[in-house]
1. Can you tell me how many residues within segment 32-54 are part of a helix (DSSP H, G or I) and open to solvent by 80 Å² or more (accessible area, probe 1.4 Å)?
2. Mind counting the residues in segment 6-22 that are part of a helix (DSSP H, G or I) and exposed (fewer than 10 other Cβ atoms within 10 Å of the Cβ)?
Amino acid sequence: MEAEHTDPPLTDGERAELAWLRKENDFLRVQRDILMSVATGYAHDFEAILRRHR
């Protein structure tokens, strides 16, 4: 029979930090998505400018 590995329960401080980190992660994902959208827009605009000048 295999011994089941169980982690000790989280402390209140660890739970609070985990909740904060999850919120931070969500916020950073939103920021990344916005920045990718802006960068894509600039790339399309730059490409259009290059086509006009050729």
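The values are calculated or read from the model by the stated rules, or taken from the named source; none is laboratory data. This one's a predicted model, so the numbers in the text were calculated from it and none came from an experiment. Don't worry about glycine lacking a Cβ; one is built from the backbone with ideal geometry, like all the others, and counts go over all protein chains shown. Remember, those area values only see protein heavy atoms, side chains included, never the ligands or the DNA or RNA. Shrake-Rupley method; radii C 1.70, N 1.55, O 1.52, S 1.80 Å.
1. Summing the residues that are part of a helix (DSSP H, G or I) and open to solvent by 80 Å² or more (accessible area, probe 1.4 Å) in segment 32-54 gives 12.
2. The qualifying residues number 2.
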